[in-house]
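Visitor: Take a look at this one; I'll ask things after.
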Amino acid sequence: MQTKIKFPSKRLLLLIFLAGVSVILLESFEIPKGTSFLFDLLTLISGFLITALFFIPSAIIKSRTDLDFMSFAHIKTPNAIIFISAFYCMYFVYTAEYFLIKYCDMFSNKLNSEANIFAVALVLLAVCIYAAYKGTNAIARCSIFIFVFSFIVFVLIFAGNISNLEINATNFSFRGQKTDFINNTSFFLTPAFAAVIFAVLSGYTKNFRPRQIVYSIIITTIIFALILFFTTFALGEYAFAQDYRCFLLSKSTHFGDLDGFDSLYLSISVLTVFLVISLILTCICKSTGKSSSLPIILVFSIIIFVLFICANYFNAVKELLINHYLFNILTFVSAVVIPTFYLIAFRRRLNG
């Protein structure tokens with residue numbers, strides 16, 4: 001299905017926000033026990049400041065040409081575009097794998113340990129294939145509902161944990177090691193993959209303003225900071241002994257006799273992952289020069305599923321596919337290095 005009608009850029013930025021939120025919803029990363037809240041907050045802010053920088057090259061291209069990076073590359077280097085397209089397709093397959101593995105692990109660990117994760121992955125991919133075939137505009141319309149639903153869920157989780165807060169003054173000291181800073185910042189940099197999605201899909205949008213990216217990143221940062229605050233002061237030491245702290249936070253939510261909102265957490269988790277993988281499939285299509293192509297979507301979905309099977313049978317493959325250091329390096333190359341090279345190489349013809 002070809003999608004020619006542009007949609008407001010605000011919708012794409014909703015997608016970017018939800019993509020970023022999916023990272024912490026699936027988070028099983030161990031923040032070191034010896035660090036303080038202020039130290040962790042600093043690493044969070046550092047991670048998101050770097051994330052904002054990742055958007056700059058593609059935002060410049062969009063502002064000056066009204067094109068996304070991939071369209072710009074197709075126009076400026078038609079003979080070399082096959083290599084650029086191949087790299088970005090590889091990157092998006094890796095990204096899809098990263099989130100599919102993490103979601104299925106969370107599903108198995110927290111919802112149903114007896115479920116067949118291959119069936120779970122296949123069903124999720126099937127829904128994403130349909131959404132990707134309908135096009136970016138259709139996915140962007142879905143993002144409005146998902147954003148409203150997610151906002152309500154976060155308000156309920158935070159409000160329902162206020163009575164559980166136990167403020168410890170020692171957590172407001174500055175305590176942490178250099179290795180902890182690098183580790184934490186790398187994790188909080190993971191949402192920067194949204195900059196690559198923006199670089200590839202921003203050509204479908206209209207009325208773009210650079211400040212919209214800033215607003216989206218600030219809102220995402222606030223959500224991450226609130227989750228960090230409540231897991232530190234509402235869950236306390238218990239949070240350091242468990243995975244999926246956001247899930248634990250949803251379970252500890254209560255309003256009077258009403259306890260546990262983990263079903264809502266699981267709902268927004270699957271919705272945001274669905275959104276991310278659907279966007280990734282549309283990005284793959286755009287990278288190959290198509291707005292939407294069912295054969296391309298099916299071929300790459302099969303590749304993603306085969307890699308998922310390999311990851312579950314070979315732990316070394318799985319560790320490679322969910323390594324956030326490697327993920328951030330690939331994101332840096334995709335969002336910064338390659339677009340910046342084009343900006344420098346074609347700066348005189350940027351408006352042409």
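The values are calculated or read from the model by the stated rules, or taken from the named source; none is laboratory data. All values derive from a computational prediction rather than experimental measurement. Heads up, the Cβs are rebuilt from the backbone with ideal geometry, glycines too, and the neighbour counts pull from every protein chain shown. These accessible areas exclude ligands, DNA and RNA; they are computed on the full protein's heavy atoms, side chains included. Shrake-Rupley method; radii C 1.70, N 1.55, O 1.52, S 1.80 Å.
Visitor: Among 148, 273, 336, determine the one that fluctuates most according to a GNM of the chain built with springs between C-alpha atoms less than 10 Å apart.
Guide: Looking only at 148, 273, 336, the biggest GNM fluctuation is shown by 148.
Visitor: Right, another one. What percent do you get for the relative contact order of the chain when only Cα pairs under 8 Å and 6+ apart count? Before the final figure, lay out the partial values.
Guide: Numbers: 476 pairs, mean separation 143.2, N = 352.
After rounding, I find 41 percent.
Visitor: Same structure again: When the dipole is taken about the Cα centre of the chain, and only Lys, Arg (+1) and Asp, Glu (-1) are charged at their Cβ, what size is it in debye, to the nearest 20? Write down the numbers at each step before the final one.
Guide: Values: 25 positive and 16 negative charges, 402 e Å.
Dipole size: approximately 1920 debye.
Visitor: Could I ask something else about it? Express the accessible area of the chain per residue in Å², computed with a 1.4 Å probe while the remaining protein chains stay in the model. Walk me through the intermediate numbers first.
Guide: Values: 15200 Å² over 352 residues.
The answer is 43 Å² per residue.
Visitor: Hey, another quick one. Could you sort out which of 102/134; 62/286; 10/62; 10/286; 134/286; 110/251 sit more than 18 Å apart by Cα distance in this structure?
Guide: Values: 102/134 25 Å; 62/286 15 Å; 10/62 14 Å; 10/286 20 Å; 134/286 14 Å; 110/251 11 Å.
Table pairs above 18 Å Cα-Cα are 102/134; 10/286.
Visitor: Contact order normalised by length for segment 170-265, with contacts defined as Cα pairs under 8 Å and 6 or more residues apart; what percent is it? Show your work: numbers first, answer last.
Guide: Values: 32 pairs, mean separation 11.5, N = 96.
Result for segment 170-265 is 12 percent.
Visitor: Okay, next question. Could you pull out every whole DSSP H run in the chain that spans at least 18 Å of Cα extent along its own axis and averages -1.0 or higher on the Kyte-Doolittle scale? Provide the component values of the computation, followed by the final result.
Guide: Values: long enough: 9-25 (24 Å, 2.02); 37-54 (26 Å, 2.15); 81-106 (37 Å, 1.18); 117-134 (26 Å, 2.27); 136-159 (33 Å, 2.22); 210-230 (31 Å, 1.92); 262-287 (37 Å, 1.81); 294-313 (29 Å, 2.61).
Correct list, ordered by number: 9-25, 37-54, 81-106, 117-134, 136-159, 210-230, 262-287, 294-313.
Visitor: Continuing with this model, one more query. If you average the sequence gap of Cα pairs under 8 Å that are 6 or more apart and divide by the length of segment 213-279, what percent do you get for the contact order? It would help to have the intermediate numbers written out before the result.
Guide: Details: 33 pairs, mean separation 11.7, N = 67.
Normalised by residue count, the contact order of segment 213-279 is 18 percent.
Visitor: Let me know the shape class of segment 97-169, please: from the alpha-carbon gyration tensor, a ≥ b ≥ c as square roots of the eigenvalues, rounded when a/c is under 1.5, otherwise prolate if a/b is greater than b/c, or oblate.
Guide: oblate
Visitor: Still on this structure, I have one more. Ranked from the most accessible area to the least, with a 1.4 Å probe and all protein chains present, what is the order of 11, 64?
Guide: 64, 11
Visitor: Counting only protein heavy atoms and a 1.4 Å probe, tell me what percentage of the chain's accessible area is made up of carbon and sulfur. All intermediate terms of the calculation are to be shown ahead of the outcome.
Guide: Working: 10230 of 15200 Å².
Within the chain, the accessible surface is 67 percent carbon and sulfur.
Visitor: If you scale each eigenvalue of the Cα gyration tensor by 5 and take the root, what three semi-axes come out for segment 199-253, rounded to whole angstrom and sorted largest first? Provide the component values of the computation, followed by the final result.
Guide: Details: eigenvalues 237, 28, 14 Å².
So the equivalent ellipsoid measures 34, 12, 8 Å along its semi-axes.
Visitor: Same structure again: Just reorder 206, 134, 10, 318 by solvent-accessible area, largest first, 1.4 Å probe, all chains present.
Guide: Working: 206 90, 134 70, 10 140, 318 40 Å².
I get 10, 206, 134, 318, largest accessible area first.
Visitor: Tell me the label-point distance for the pair residue 298, residue 163, using the 7 Å Cα-to-Cβ offset, in nm and rounded to one decimal.
Guide: About 5.5 nm, to one decimal.
Visitor: What is the log10 of I(q)/I(0) for segment 130-249, computed with the Debye formula using one identical point scatterer on each Cα and no solvent, at q = 0.13 Å⁻¹?
Guide: Normalising to I(0) and taking log10 leaves -0.74.
Visitor: For Cα extents along the principal axes in Å, the listed values are [x] 62, 52, 47; [y] 60, 43, 38; [z] 56, 47, 43; which was obtained by calculation from the structure presented?
Guide: [y]
Visitor: Under a point-charge model restricted to the Cβ atoms of Lys and Arg (+1) and Asp and Glu (-1), what is the dipole moment magnitude of segment 1-122 relative to its Cα centre, in debye to the nearest 20?
Guide: Values: 10 positive and 8 negative charges, 128 e Å.
With only Lys, Arg, Asp and Glu charged at Cβ, the dipole is about 620 debye.
Visitor: Let me ask something else. So how do 319, 237, 114 rank on accessible area, 1.4 Å probe, biggest first, that is with the largest at the start?
Guide: Descending order: 114, 237, 319.
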